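Colleague: The following block contains the structure, expressed as structure tokens.
The values are calculated or read from the model by the stated rules, or taken from the named source; none is laboratory data. Please read these numbers as outputs of a predicted model, since none were measured by experiment. Backbone-built Cβ (ideal geometry, glycine too); neighbour counts: all protein chains shown. Side chains included, ligands, DNA and RNA excluded: accessible areas come from the protein's heavy atoms. Shrake-Rupley method; radii C 1.70, N 1.55, O 1.52, S 1.80 Å.
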Amino acid sequence: MVKNLRSFRLNKGLSQQQLAAIIGTTQQSINKYENHATEPDIQTLIRLADCFQVSIDELVGYTPQSS
């Protein structure tokens with residue numbers, strides 16, 4: 001689940017349409033990702049992480065548990 005997409009997008013000052021153009025998808029897809037209606041595939045996650053210069057872990061809000 002992409003928990004932080006909206007935050008990253010807004011912090012970068014991008015509209016859904018602008019982000020969609022940058023990563024090669026549609027505004028509707030960005031909206032669905034932000035509203036948890038659908039999940040991006042791994043290639044899209046990579047493009048999003050690259051766009052925001054964060055790890056996929058950060059993008060999805062994953063924190064490894066310590067052993």
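Colleague: With a 1.4 Å probe and every protein chain left in place, work out the accessible area per residue of the chain in Å², rounded to a whole number.
Modeller: On a per-residue basis, 65 Å².
Colleague: If N is the number of residues in the chain, what value comes out of its Cα radius of gyration divided by 2.2 N^0.38 Å?
Modeller: In units of the globular-protein estimate, the chain measures up at 1.06.
Colleague: What's the center-to-center distance, using Cα atoms, between the range 52-67 and the range 6-37 in Å?
Modeller: 19
Colleague: Under a crude label model (7 Å from the Cα following the beta-carbon direction), how far is THR26 from LYS3 in nanometres?
Modeller: Spacing of the two 7 Å Cα→Cβ label points: 2.9 nm.
Colleague: Calculate what fraction, in whole %, of the accessible area of the chain sits on carbon and sulfur atoms when a 1.4 Å probe is rolled over the protein chains.
Modeller: Looking at the chain in its full context, I get 46 percent from C and S.
Colleague: Here's a follow-up. Give the longest segment of the chain that steers clear of trypsin sites (Lys or Arg not before Pro) in DSSP loops with at most 16 neighbouring Cβ atoms within 10 Å, not counting the sites themselves.
Modeller: Here the longest run is 13-67.
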